[in-house]
Amino acid sequence: MSGSKLAIVGAGSVGTSLAYAALIRGSAGNIALFDVNAAKADAEVLDLAHGTQFAAAAASVTGGGDIAVTEGADVVVITAGAKQAPGQTRLDLAGTNVRILEDLMPRLLERSPDAVYVLVTNPCDVLTVAAQQISGLPTGRIFSSGTVLDTSRLRWLLARRAGVAVASVHASIIGEHGDTEFPAWSTATIGPIPVRDWKVDGERVFTPDYLAETAREVTQAAYKVIAGKGATNYAIGLSGARIVEALLRDENAVLPVSTVLAGQHGISGVALSLPSIVGRGGVRTVLEMPMDDGEVAALQHSADTLRNTLGTLGI
């Protein structure tokens with residue numbers, strides 16, 4: 001989007017994948033990449049800039065090891081932090097990455113006081129609460145990518161089984177971006193057909209056992225990728241670029257991002273993913289989606305899990 005500025009904090013595998021995705025998709029007119037490792041940031045910027053001729057739209061790429069490169073950003077995406085190691089849960093990262101945020105947020109706010117801040121660093125739900133408290137920003141202006149990627153994983157699996165385009169699948173993963181996340185099956189559809197009623201050759205293919213296995217596969221997907229290649233980066237880069245586009249293009253898109261809740265479904269003070277309206281300025285509305293009793297209980301379990309972690313960290 002011409003004239004808009006996206007600042008990405010962290011030039012690791014996730015930050016650079018997001019910058020690459022944003023460049024080739026034309027997500028922003030100006031992309032700035034900041035990392036404390038100046039040599040790494042400079043090299044990544046140069047590599048990206050060399051390919052701007054082939055991008056979807058005219059864009060500039062800048063960056064380096066000075067936080068001043070983030071000055072005047074419309075959207076700041078934070079990917080910096082300790083990364084998840086094989087066998088490590090997202091919540092295991094919490095303490096280290098909260099301390100990084102305590103240093104980063106005040107300096108970023110000084111450079112871009114009017115920006116919308118999107119956290120991708122894990123555990124993103126815990127860090128969203130911490131960042132909101134550190135910054136004092138309204139909850140709609142500081143949120144995380146939440147289960148946007150997890151939802152994409154779910155829709156891909158369902159589409160493959162049903163034999164339809166991914167865009168025809170309407171289903172969401174909600175709750176924690178982590179081990180307690182879950183699919184909202186009660187409202188999941190393919191086109192207008194409830195997922196549970198979808199048939200292939202006259203037979204219902206989404207049996208309770210199949211749906212349970214699908215939910216497990218989505219929850220474990222990141223661990224599988226990390227075990228094989230050390231990090232997840234391409235899909236989270238693409239999903240991050242999609243969130244940036246919703247913000248900069250004022251789309252009012254419904255995306256399952258994670259914000260600090262204020263009474264939705266009776267939950268307050270923790271950040272969880274629920275379908276939310278995302279446009280210029282941030283999250284405008286967190287939608288209270290219909291849920292059955294089991295889903296309400298699962299959402300409360302996610303909230304309790306995160307509340308326990310926040311308590312352990314003194315947040």
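Go ahead and set up a Gaussian network model of the chain, Cα springs under 10 Å, then flag whichever of 125, 209, 304 fluctuates most. In the Gaussian network model the winner is 209.
The simple spin-label model puts a point 7 Å past each Cα toward its Cβ; for residue 46 and residue 102 those points are separated by 3.7 nm. Spacing of the modelled spin labels on residue 89 and residue 60, each 7 Å from Cα toward Cβ, amounts to 4.6 nm. Comparing 258, 186, 145 in a Gaussian network model of the chain where C-alpha atoms under 10 Å apart are linked, the largest mean-square fluctuation is found at 186. Average accessible surface for the chain: 41 Å² per residue, computed with a 1.4 Å probe over protein heavy atoms with every protein chain in place.
Once the C-beta distance of residue 262 and residue 207 is scaled by a Förster radius of 30 Å, the resulting FRET efficiency is 0.20 to the nearest 0.05. Site pair residue 160 and residue 229 shows an inter-label distance of 1.4 nm when each label is modelled 7 Å from Cα along Cα→Cβ.
Placing +1 at every Lys and Arg Cβ and -1 at every Asp and Glu Cβ, with all other atoms neutral, what dipole size does the chain have around its Cα centre, in debye to the nearest 20?
Dipole about the Cα centre, nearest 20: 420 debye.
For the residue pairs 199/224; 5/40; 5/229; 5/83, the alpha carbons lie more than 24 Å apart in 199/224; 5/229; 5/83. The distance from the alpha carbon centre of the stretch 40-106 to that of the stretch 230-252 is 13 Å, rounded to a whole number. Within the accessible area of the chain, the carbon and sulfur atoms contribute 53%, probe 1.4 Å, all protein chains present.
The values are calculated or read from the model by the stated rules, or taken from the named source; none is laboratory data. Predicted model, so just to flag it, every value in this text is computed and none were measured. All Cβ positions, glycine included, derive from the backbone under ideal geometry; neighbour counts span all protein chains shown. In case anyone asks, the SASA skips ligands and DNA or RNA and just uses the protein heavy atoms, side chains included. Shrake-Rupley method; radii C 1.70, N 1.55, O 1.52, S 1.80 Å.
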